[in-house]
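The values are calculated or read from the model by the stated rules, or taken from the named source; none is laboratory data. Because the structure is a prediction, the values reported are computed rather than measured. A quick note on method: Cβ atoms are made from the backbone with ideal geometry, for glycine too, and the neighbour counts reach across all protein chains shown.
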C-alpha cells in the first residue's frame, strides 16, 4: 500500500462510511425536524448548509442521506453477487444443457436497456426502496453471471482442479476452495467499479419519485425536493449532487486502482511460471 | 490389483464442414499389475501414455475395454464412488506447479486430501503434515510457505507428500520427474525407492526416460502410437527388444 492516491481514496471512503455509521452524533439536528418559520435559511453558524423549503437542516439531511445511499448500494451489490455467483458457477461447472438454458435467460436480461427494465420492474413491484434494490439487482445480475461463468470455465480446466478431484474433494469443495477465491477476487473489483453506477441508479430513481419516498433523507429525494426552487435556491440541489458525485467518483477510482493492482499481480505471477 | 483389458480410446475430430476424422490414441491395451509390483510405461511423446493414465484414473472414458482396480470397474463408478478409489490410488502429475493451487501454502496443499478422508482435529492434521514433510525430506520451516515460492524439486516433493497422505496402495507417477534436473531427479528417485519400502507401495511410472523406469519398476511396457510394442519383466532381462525400444535405450 505505497500508493498515495489509494490511501487518499480510502480515507475519503472511510469518512463517508463513518458519517453514515455515526450520523446521529455528527448531525446537529434531526433530519425530519420541520421549522417552517425558518425555511430557506442562509448559511449560518447554526445551520452550516442552511435549511430547505420545510426548514429542515440540510447538513443533517445529507449526513443521514449517506446511510440510505450506502445501505441501498450494499444491499444491491449483495443481491447481484449472490444471484450471479450461484447461477454463474452452476452454469460454468455443470455445463451442457443446464449451461445453455441459464445463459439464454441471461441473454434475455442483457437485451433490455437496464434503466427501462428497472422502471418496468418497479412498475410491477411497486414504488419503494426495497423494490428499487430488487429491480436494480435484477437488471445487473446477468452481466455478472456471464463473467462468473467464464472465470469458472477457465479455472475448471486448470490442472489443480483435476488434481483436487483425484484427491477425493467433493464438487462443492472444489468450487468453494479452488474456484471461488479466483472468481471473487475478480468479481469484487468489477463490483467496486460498478458501485458508483448503481448508486446513480438508486439516486436517479429516487429523484423520479420511484425509490425512496419523500420525507426520508436521501440524496436523490433531496434533489427532487429542491427542484421546484431551482431559481431561487439552486444550492439546495447542488449539495446532495456534490455528495453523489464525490461518492461515485471515489468508488470508481478505487475500483480502477484495485483492478490495476490485481492485473499487475496476475501478470507477475504468470511471468513467474 | 489393477487390471486393464482391451482399452481403446478414439478422439473424434468434430468439425462441421470437413470430413469426420477419428484418431485412435490407444488400441487394445491390456495389462495386469499385481500387488506389490511396479510397472513402467515407456514411450515417446504422443504415444498415448498420459491418455492411458487419465483413463486409469477415471478422468476420461475409454471407448472400449475396462479398468478394474481392486475388483471395481472404474468407468462404471459415479463421482462420489470414485472418491473411495482415490483412497488407494493416488497420482503425482507431470507439472508440480500447475497441479497445485498457486494461492495455497504447503500446509493447505497437503491437508486437502487428509480433510477429505479423515476426521482429524486441526493439531492432529498439522502433526501428520509435518510427518509427511519429513518423509519427503523437506524442512519444517517450509510449512507455511506459498507453493509458488518453492523450487521445482521441492514442489514435486510436496506433491508426493500430498499423494502419500492418504496411504495409497498404488501411486501413479505421470512424468513426475521430467521437469527436474538430473541431480534432483536422482535424489527423488532415491526418495521414491525408500518410500516404496516404507509404505509398501506399488508404482505405475509413466515416463519417456527409461532410466527412471528401470530404477523403480519390475515390469516395463513400451508403447508406440497407442499400441503395446514390447513388454518385459526386468528380472528376466530384456530379450529381443524392438528397434524403437533400442533407440530409446540408447538415448
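Would you check which residues across segment B:162-194 are within 14 Å of chain A (Cβ to nearest Cβ), in a loop (DSSP other than H, G, I, E, B) and in contact with a strand residue (DSSP E or B) (Cβ under 7 Å, 6 or more places away or on another chain) and list them? Steps first, answer last, please.
Of segment B:162-194, the ones within 14 Å of chain A (Cβ to nearest Cβ) are B:162-168, B:170-176, B:179.
Retained after the next criterion (residues that are in a loop (DSSP other than H, G, I, E, B)): B:165-168, B:175-176, B:179.
B:166, B:168, B:175, B:176 - these are the residues of segment B:162-194 that are within 14 Å of chain A (Cβ to nearest Cβ), in a loop (DSSP other than H, G, I, E, B) and in contact with a strand residue (DSSP E or B) (Cβ under 7 Å, 6 or more places away or on another chain).
Quick grid of which residues meet (1) at pLDDT below 90; (2) closer than 13 Å to residue A:135 by Cβ:
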residue	(1), (2)
A:71	yes, no
A:88	no, no
A:91	no, no
A:96	yes, no
A:117	yes, yes
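Can you list the helices (runs of 4 or more DSSP H) lying wholly within segment A:156-273 that have 1 or more residues being within 14 Å of chain B (Cβ to nearest Cβ)? Even if it seems obvious, please write down each step before you answer.
On the way: elements: A:159-166, A:180-207, A:219-226, A:235-272.
In segment A:156-273, A:159-166, A:180-207, A:235-272 are the helices (runs of 4 or more DSSP H) which contain 1 or more residues that are within 14 Å of chain B (Cβ to nearest Cβ).
Residues are listed down the side, and each one gets a yes or a no for (1) farther than 25 Å from residue A:74 by Cα; (2) over 15 Å from the mean Cα position of the chain (by Cα):
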position: A:160; (1), (2): yes, yes
position: A:180; (1), (2): no, yes
position: A:184; (1), (2): no, yes
position: A:205; (1), (2): no, no
position: A:215; (1), (2): no, yes
position: A:238; (1), (2): no, yes
Taking the criterion of being under 26 Å from residue B:214 (Cβ atoms) and over 19 Å from the mean Cα position of the chain (by Cα), would at least one residue in segment B:43-59 satisfy it? no
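Surrounded by 18 or more Cβ atoms within 10 Å (Cβ to Cβ), over 19 Å from residue B:59 (Cα atoms) and facing chain A (nearest Cβ under 8 Å): which single residue out of B:103, B:97 fits that description? Even if it seems obvious, please write down each step before you answer.
Working: B:103 fails: surrounded by 18 or more Cβ atoms within 10 Å (Cβ to Cβ).
Exactly one of B:103, B:97 is surrounded by 18 or more Cβ atoms within 10 Å (Cβ to Cβ), over 19 Å from residue B:59 (Cα atoms) and facing chain A (nearest Cβ under 8 Å), namely B:97.
For segment B:215-228, which positions are in contact (Cβ under 8 Å) with a residue 40 or more places away in the chain and either in a loop (DSSP other than H, G, I, E, B) or surrounded by fewer than 19 Cβ atoms within 10 Å (Cβ to Cβ) (or both)? Spell out the reasoning first.
Let us first name the residues in segment B:215-228 that are in contact (Cβ under 8 Å) with a residue 40 or more places away in the chain, namely B:216-228.
Across segment B:215-228, the qualifying residues are B:217, B:218, B:224, B:225, B:226, B:227, B:228.
Which of the residues that make up segment B:165-194 are farther than 13 Å from residue B:38 by Cα and crowded, with 18+ Cβ neighbours inside 10 Å?
Within segment B:165-194, the first condition is being farther than 13 Å from residue B:38 by Cα, and the residues that meet it are B:165-168, B:174-191, B:194.
Matches in segment B:165-194: B:165, B:166, B:168, B:174, B:175, B:176, B:177, B:180, B:185, B:188.
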Picked from segment B:135-150 (must be surrounded by 12 or more Cβ atoms within 10 Å (Cβ to Cβ) and part of a helix (DSSP H, G or I)), the residue nearest to the chain's Cα centre (by Cα) is B:135
Looking at the structure I just gave you, is residue B:197 surrounded by fewer than 21 Cβ atoms within 10 Å (Cβ to Cβ) and closer than 15 Å to residue B:93 by Cβ? no
Enumerate the pairs (first residue in segment A:169-198 and touching a residue at least 12 places away in the same chain (Cβ under 8 Å); second residue anywhere and not in a helix (DSSP H, G or I)) with beta-carbon separation below 6 Å, excluding pairs fewer than 6 apart on the same chain, so at least 6 apart or on different chains. A:178/B:101
Scan segment B:85-94 for residues that are more than 8 Å from chain A (Cβ to nearest Cβ) and either in a helix (DSSP H, G or I) or more than 23 Å from residue B:201 (Cα to Cα) (or both) and jot them down. B:85, B:88
Within segment B:115-132, take every residue that is away from chain A (no Cβ under 14 Å) and in a loop (DSSP other than H, G, I, E, B) and give me the one that is farthest from residue B:87 (Cα to Cα). B:121
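Of the residues that sit in segment B:200-210 and are in a loop (DSSP other than H, G, I, E, B) and in contact with a helix residue (DSSP H, G or I) (Cβ under 9 Å, 6 or more places away or on another chain), which one is farthest from residue B:96 (Cα to Cα)?
If we take residues in segment B:200-210 being in a loop (DSSP other than H, G, I, E, B) and in contact with a helix residue (DSSP H, G or I) (Cβ under 9 Å, 6 or more places away or on another chain), then B:201 is farthest from residue B:96 (Cα to Cα).
May I ask you to verify whether residue A:205 is within 22 Å of residue A:138 (Cβ to Cβ) and buried (at least 17 other Cβ atoms within 10 Å of the Cβ)?
Numbers: within 22 Å of residue A:138 (Cβ to Cβ): yes; buried (at least 17 other Cβ atoms within 10 Å of the Cβ): yes.
Criteria met by residue A:205.
Under the condition of being within 30 Å of residue B:95 (Cβ to Cβ) and surrounded by 23 or more Cβ atoms within 10 Å (Cβ to Cβ), which residue from segment A:128-151 is nearest to the other protein chains (Cβ to nearest Cβ)? Full working, then the answer.
Start the filter on segment A:128-151 by keeping residues that are within 30 Å of residue B:95 (Cβ to Cβ), which leaves A:147-151.
Narrowing the set further to residues that are surrounded by 23 or more Cβ atoms within 10 Å (Cβ to Cβ) leaves A:148-149.
Values: A:148: 18, A:149: 20 Å.
Checking each candidate, the answer is A:148.
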For segment A:164-181, name all the residues that are crowded, with 21+ Cβ neighbours inside 10 Å and closer than 15 Å to residue B:114 by Cβ. A:164, A:166, A:167, A:168, A:169
